[in-house]
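Here, each number is a calculation from the coordinates, and none is a lab measurement. Note that the structure is a prediction, hence the values are computed from the model and not measured. Please note: Cβ atoms are built from the backbone with ideal geometry, for glycine as well, and neighbour counts cover all protein chains shown.
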Amino acid sequence: MIENRESAGRDLAARLALPGVAPPVVLALPRGGVPVAAPIAAAFGQPLDLLLVRKLGAPGQPELAVGAILDGDPPGLVLNRDIIAELGISDAWIAEERERQQRKLARQRAQFLGDRPPPALAGRGALVVDDGVATGATAEVALRGVKAAGAARVALAVPVIAADVAARFRAEGVEVVALAEPRRLGSVGAFYRDFRQVSDEEVLRLLGRPA
């Protein structure tokens, strides 16, 4: 069991911040990834930045990811075709859900980052941080976006990740560092003693921005 997001971040930082390793750009997936990433960024002596991604939830099951979009121009998109086919989700519904989540992305950028430009990733190492990865849809679109931005080295740090998803990412050349890689991962929250929702105010505080 993982105590909470902050303790998980400290444990990951101890594994990541090795002598002689060039500090990466630390990119948290909000909101849950921000408290995990904060101690990691501090260990590397780097500012904490965000990678804005929104999950496309299934009809009636918003926590089940059928895909995800990444903030950008144009926004990046990844779809889980197997789940979409299994649930019989229409293209029209996907288009509507995508539009809804793109509006939320725009609000998140204005709220959390304001006019702050995205970090320069070309030729640098990039470390994407979240509080857990189950299906991998959100993390996949985030990692694709980082690669497309020209990062020389891409890594994913998470407290818990499904073993098959971790294996898939590693096969694609992504370094994966995790505290747990269970073969069956139904709910990320089940691996935490404290998995309370992260507030917007906490995200802003950890970013050093006024609420």
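Placing +1 on the Cβ of every Lys and Arg and -1 on the Cβ of every Asp and Glu, with nothing else charged, gives the range 91-193 a dipole about its Cα centre of roughly 220 debye.
When both bridge partners sit in the chain, DSSP labels roughly 35% of those beta bridges antiparallel. Reported value for the range 59-106: 75 Å³ per residue, from the convex hull of its C-alpha atoms. Dividing the summed helix terms, -39500 (n - 2.57) for each DSSP H run of n ≥ 4, by the number of residues in the chain produces a 222 nm estimate of -11000 deg cm²/dmol to the nearest 500. Note on the chain: with a GNM built from Cα contacts shorter than 10 Å, the maximum mean-square fluctuation among ALA106, ALA85, ALA155 falls on ALA85. Considering only ALA152, ALA28, ALA41, the Gaussian network model of the chain with Cα springs below 10 Å gives its largest mean-square fluctuation to ALA152. Farthest towards the positive end of the charge dipole of the range 54-112, among the residues ALA68, SER90, PHE112, is the Cα of PHE112, using unit charges on the Cβ of Lys, Arg, Asp and Glu. Averaged across orientations, what area in nm² does the convex hull of the alpha carbons in the chain project? Computed as one quarter of the Cα hull surface, the answer is 11.4 nm². Summarise the long-distance tail of P(r) for the range 1-121 by giving the % of C-alpha pairs beyond 26 Å. Summing the P(r) tail past 26 Å for the range 1-121 gives 36 percent. Each Lys and Arg Cβ is given +1 and each Asp and Glu Cβ -1; about its Cα centre, the chain then shows a dipole of about 300 debye.
Over the chain, Cα pairs under 8 Å with separation of 6+ residues give a relative contact order of 24 percent. When a/c is below 1.5 the answer is rounded, else prolate if a/b is larger than b/c, else oblate, so apply that to the range 105-167 with a ≥ b ≥ c taken from the square roots of the Cα gyration tensor eigenvalues. Oblate. Taken over the C-alpha atoms, the range 97-211 has Rg and Dmax values of 15.5, 42 angstrom.
Charged neighbours of GLY208, selected by a Cβ distance under 14 Å, balance to 0 (K, R count +1; D, E count -1). Anything in the chain that counts as a DSSP H helix reaching 15 Å or more along its axis (C-alpha) with Kyte-Doolittle mean of at least 1.0? List them, would you? Within the chain the helices that satisfy the rule are 33-44. Highest GNM mean-square fluctuation among ILE40, ILE84, ILE69, for the chain modelled with Cα contacts below 10 Å: ILE84. Based on Cα contacts under 8 Å between residues 6+ apart, the range 54-112 shows a relative contact order of 32 percent.
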